[in-house]
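Okay, so here's the structure we're looking at.
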Amino acid sequence: MRFLWFAAPLGVALVIAPRAAAAQAVPGRDLFDFTVGALAEAPALAIESAGGLYNPATLLLAPVGRLRASVAHLNAQGDRGLTGEVLGVEWRARPRLAGALSVARIGLSGIPLTTESPDVMPGMTVAYDSFVFSGGVAYRPVRHIALGGALRYRAGRVDTVRAGRAGADAGIVIDGLLGRHDLRLGASTFLWRPRALRDDRPLGTLGADARVVGSTVAREVRLGASYLGSRGGERETYGYITGRLRNVEGRAGLARAARADGDAESRVRLGLGLRYARFHVAIAREEGESALGSIYQFTLSTLLK
């Protein structure tokens, strides 16, 4: 019966998604190459934001508690006006079963409006944003493996063009390996839907980290690596180190992004987190290109029950 709670949503997804998804592209897919809500984490293992946005299986990696909620805000100081938010809530129904709801938005507010000529129209900008509404569930069938599934609906807008499509994603986390080293492995899809066009390409994520110093979650240093990419889109590798001493934790890493046209760039990411009672506050920063500027993210999460 417990497994049915996990399998049923995936079965519904297999029935609904092919009927709800058409071949038409939805604007704004490239905006989610910025991993809002998981800026300095490996998306396949990200747990600072509630809701398991990038990998629903991480719902069973999150801090122990019956009910958790979070809000994350991302912004860049450059001319393009990049902003994003993630709201998430997750419920641990049983030690091996969890569910979640989340909504994510990301957009650019500083794209200048042009006429048929390349001249810029002063003071006029083009609306460009995208929303993702998700409902996910995770189940741990055996001790070291957690499986997750999510139903999603993504809506996008560019200028006056709007569209939306449904899809489904799946993920897995393998954790608690190698004894005190607590090796964790994660993999997931993000924004998959049937017959997706190249502009609606689904994202694939992989992540791994392990404890190299310490023996408990409250006193440890971990090394990790992450990969995310899509066919015809940007591909990113990210290596990082993270440490925690009681209620203070920090993270530093280097991400390298390679575009389909062959261009590549490296970006430094830094993160700092503080825990107090049931609250967790985290701040992250990523170096950005000139048009975007440096990107900052603030996350607040709390255990409600």
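The values are calculated or read from the model by the stated rules, or taken from the named source; none is laboratory data. Treat the numbers as computed from the prediction; the structure is a model and nothing was measured. As a convention, Cβ positions derive from the backbone with ideal geometry for all residues, glycine included, and neighbour counts pool all protein chains shown. Please note that ligands, DNA and RNA were not included when accessible areas were found on the heavy atoms of the full protein model with its side chains. Shrake-Rupley method; radii C 1.70, N 1.55, O 1.52, S 1.80 Å.
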Go through the range 242-258 residue by residue and tally those that are open to solvent by 80 Å² or more (accessible area, probe 1.4 Å) and either of a type in the set (Val, Ile, Thr) or not in a loop (DSSP other than H, G, I, E, B) (or both). 3
I'd like to know if the range 287-304 contains one or more residues that are part of a strand (DSSP E or B), acidic (Asp, Glu) and touching a residue at least 24 places away in the same chain (Cβ under 8 Å). no
For the range 81-95, the count of residues that are surrounded by fewer than 23 Cβ atoms within 10 Å (Cβ to Cβ) and more than 16 Å from the chain's Cα centre (by Cα) equals 6
Can you pull out the residues in the range 164-211 that are closer than 16 Å to residue 54 by Cα and surrounded by fewer than 17 Cβ atoms within 10 Å (Cβ to Cβ)? 174, 202
Being in contact with a helix residue (DSSP H, G or I) (Cβ under 7 Å, 6 or more places away or on another chain) and either free of Cβ contacts under 8 Å to residues at least 12 places away in the same chain or closer than 14 Å to residue 240 by Cβ (or both) is the filter here, so list the residues in the range 212-230 that pass it. 226, 228
How many of the residues in the range 221-241 are in a loop (DSSP other than H, G, I, E, B) and open to solvent by 20 Å² or more (accessible area, probe 1.4 Å)? 3
Among the residues of the range 1-51, write down those that are modelled with pLDDT under 50 and open to solvent by less than 20 Å² (accessible area, probe 1.4 Å). 6, 13, 17, 21
